[in-house]
Amino acid sequence: MRDRVPVVVQGSGRRGRRAGLAGVLWAGAELIVTVGVVVLLLVVHQVWWTNRQAAAGAQERVRALERSWGDGPDRGSGAGAGAGVGGAPAAGPEPGGPADSGAVDSGAAPAATRSAGPAAGTGGPAGPSERDRAYAVLRIPRLGLVVPVAQGVDKRAVLDKGYAGQYPGTAGPGAQGNFALAGHRNTHGEPFRYVNRLRAGDELIVDVRGRRFTYVVGKILSETTERDTGVIAPVPRSVVKPGQGYSEPGAYITLTTCTPEYSSKYRLVVWGTLLKSS
């Protein structure tokens, strides 16, 4: 009777290790795909959904303002230099705002959350709960833009709603001084996305309860830092690029937003002067 020779099967342990490694790699790939899908959904929400939501809310606010103004025009009274017409904010605290909102940051961000004065049509001083109440409508015919204007440049209370926000301490619409506004360029309604397309001579129209103030674009500063507070001064002039801006008192409007697109590194500034009021 022959002796049986034991058969040794080699490589089974190696195959097991390979199978284990393949399982780990597959699990890792699934995790990466899952994370990618979640990130993609977050991006879609931020870029698309917040845009639609804020833009729709802003347009409804414009319609509400226009309906309320239709009940009885009020041209305002006692509006002198440095005071808003029709109850718009008068000059008040120092300007300031968050660095990633399209606003110029003067280092005084808390001031951006306070009311600068009476809000149009509120019947009295605006309290903290009314700081986000729109009181005017900005129209830019070249861009087909119609956007509500509210007090302050706080992101959550004003700018993220798709509004243009008035810097506290700046002049009211139609008044001597600088009516200075900030707005998002991307996401949250992005009202100022295409202000880089504006050219000298374009109209910027501001409606405030029975009054219309028409400004005309005069100068554009394509890039400056977020701390260039000179651009929203009563006589707007860049402190970073002193050759840019104005040197004489007047009735100005300023639009500020982030640049380049999808970045908050710099600020784009558009200046205009008052052409007429009616």
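The values are calculated or read from the model by the stated rules, or taken from the named source; none is laboratory data. Please read these numbers as outputs of a predicted model, since none were measured by experiment. Note that each Cβ is placed from the backbone with ideal geometry, even for glycine, and that neighbours are counted across all protein chains shown.
Details
- Qualifying residue in segment 256-263 (condition: touching a residue at least 40 places away in the same chain (Cβ under 8 Å) and either over 17 Å from the mean Cα position of the chain (by Cα) or surrounded by fewer than 19 Cβ atoms within 10 Å (Cβ to Cβ) (or both)): yes
- Reported count of residues in segment 205-243, each being out of contact with any helix residue (DSSP H, G or I) (no Cβ under 6 Å at 6 or more places or on another chain), in a strand (DSSP E or B) and either of a type outside the set (A, V, I, L, M) or in contact (Cβ under 8 Å) with a residue 60 or more places away in the chain (or both), is 12.
- Consider segment 244-255 and keep the residues that are small (Gly, Ala, Ser) and in contact (Cβ under 8 Å) with a residue 40 or more places away in the chain. The one that is surrounded by the fewest Cβ atoms within 10 Å (Cβ to Cβ) is Gly250.
- Scanning segment 244-270 for residues that are part of a loop (DSSP other than H, G, I, E, B) and among the charged types (D, E, K, R) yields Glu248, Glu261, Lys265.
- Qualifying residue in segment 6-29 (condition: within 30 Å of Asp207 (Cα to Cα), among the β-branched types (Val, Ile, Thr) and either modelled with pLDDT of 75 or more or not in a helix (DSSP H, G or I) (or both)): no
- If the condition is being at pLDDT 95 or above and not in a strand (DSSP E or B), then segment 132-142 contributes Pro141, Arg142.
- Test result for Val195, aliphatic (A, V, I, L, M) and surrounded by 24 or more Cβ atoms within 10 Å (Cβ to Cβ): yes
- Scope segment 143-168; condition touching a Pro at 6+ places or on another chain (Cβ under 7 Å), part of a loop (DSSP other than H, G, I, E, B) and surrounded by fewer than 24 Cβ atoms within 10 Å (Cβ to Cβ); matching residues: Lys155
- Residue in segment 169-191 that is nearest to Ala54 (Cα to Cα), counting only those that are part of a strand (DSSP E or B), among the small types (Gly, Ala, Ser) and in contact with a helix residue (DSSP H, G or I) (Cβ under 7 Å, 6 or more places away or on another chain): Ala182
- Filter pass, Tyr266 being within 22 Å of the chain's Cα centre (by Cα) and aromatic (Phe, Trp, Tyr): yes
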